[in-house]
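**Q** Pasting a structure below so you can have a look.
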Amino acid sequence: AAPVVAAVVPAAGKGRRLGSRRPKAFVRIGAEPLFIRTLESLGCAAPFSRLIVAADRRHWGEMKKWTARRGIKGVEFVPGGGTRAESVKNGLMKLGPRDRFVLIHDMARPFVKKEEVRRVLRKAFETGAAILALKATATVTFGLAKHGCLVGDGPAYTGSLVVDPITFPPALLIP
C-alpha cells in the first residue's frame, strides 16, 4: 500500500498581480473559483488523506460553501500567512504522525495534470522526496533590467523549470 500523503495548499494570495479586487483563490476560471479547480485537480490525481488549505480566515466560510457544493470532502483550513512560506508552515504544523508524506501544491496552479502529481508521488516514495520539473516551453533570457526593459544580453535558457508540487516526509522539516 502507498504511504499516507496529506496535501497542503497555500491559498492566501491577495490577487494583486492579477489585478483582482478579490483574493486570488476566488479569481474565476469559467464559473468556478481558482481554488476549487486546484482542489479538484489534486483530488483526481491521488487519494490524499487530508487536504489542508492555508487561507485568510475571513474567507473560510465562503470556501467551505464552495467545497460542500462541489462535494470536496476532508478539507481542513489553517490560517494563511503573510508569505507563501508562512502559509506552508501553518499547513505543515497541522500534520500528525500518521502523515508519512506531504505534498505541497500552490493554489495558483489549477491545471496540474494528474500524471504529474502521480509521478512526483512515485518518485518521492522511491527516493524520499521529489519536485516537479517541466520542460521550458519558452526561452528564458537572463539580463539586466533597467526601467522595465531588458538591457544587455544574457544567456538564453531552454531547460526545465521547477514548479509545484513538491513531496517529502514532514519529518524533514518538523522534528
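**Q** Name the residues in region 90-114 that are farther than 20 Å from PHE26 by Cα and outside any loop (DSSP other than H, G, I, E, B), would you?
**A** ASN90, LEU92, PHE101, VAL102, LEU103, LYS114 - these are the residues of region 90-114 that are farther than 20 Å from PHE26 by Cα and outside any loop (DSSP other than H, G, I, E, B).
**Q** Looking at (1) open to solvent by less than 70 Å² (accessible area, probe 1.4 Å); (2) without any contact (Cβ under 8 Å) to a residue 60 or more places away in the chain, which is the one condition that is false for ASP99?
**A** Of everything listed in (1) open to solvent by less than 70 Å² (accessible area, probe 1.4 Å); (2) without any contact (Cβ under 8 Å) to a residue 60 or more places away in the chain, ASP99 misses just condition (2).
**Q** Just to be sure, is ILE104 without any contact (Cβ under 8 Å) to a residue 40 or more places away in the chain and touching a strand residue (DSSP E or B) at 6+ places or on another chain (Cβ under 9 Å)?
**A** So ILE104 fails the test.
**Q** Related question: Go over the candidates LYS73, LYS65 one by one and state the one that is at pLDDT 95 or above and open to solvent by 50 Å² or more (accessible area, probe 1.4 Å).
**A** LYS65
The values are calculated or read from the model by the stated rules, or taken from the named source; none is laboratory data. Computed from a predicted model, the values in this text were never measured in an experiment. Note that we place each Cβ from the backbone using ideal geometry, even for glycine, and neighbour counts take in every protein chain shown. Please note that ligands, DNA and RNA were not included when accessible areas were found on the heavy atoms of the full protein model with its side chains. Shrake-Rupley method; radii C 1.70, N 1.55, O 1.52, S 1.80 Å.
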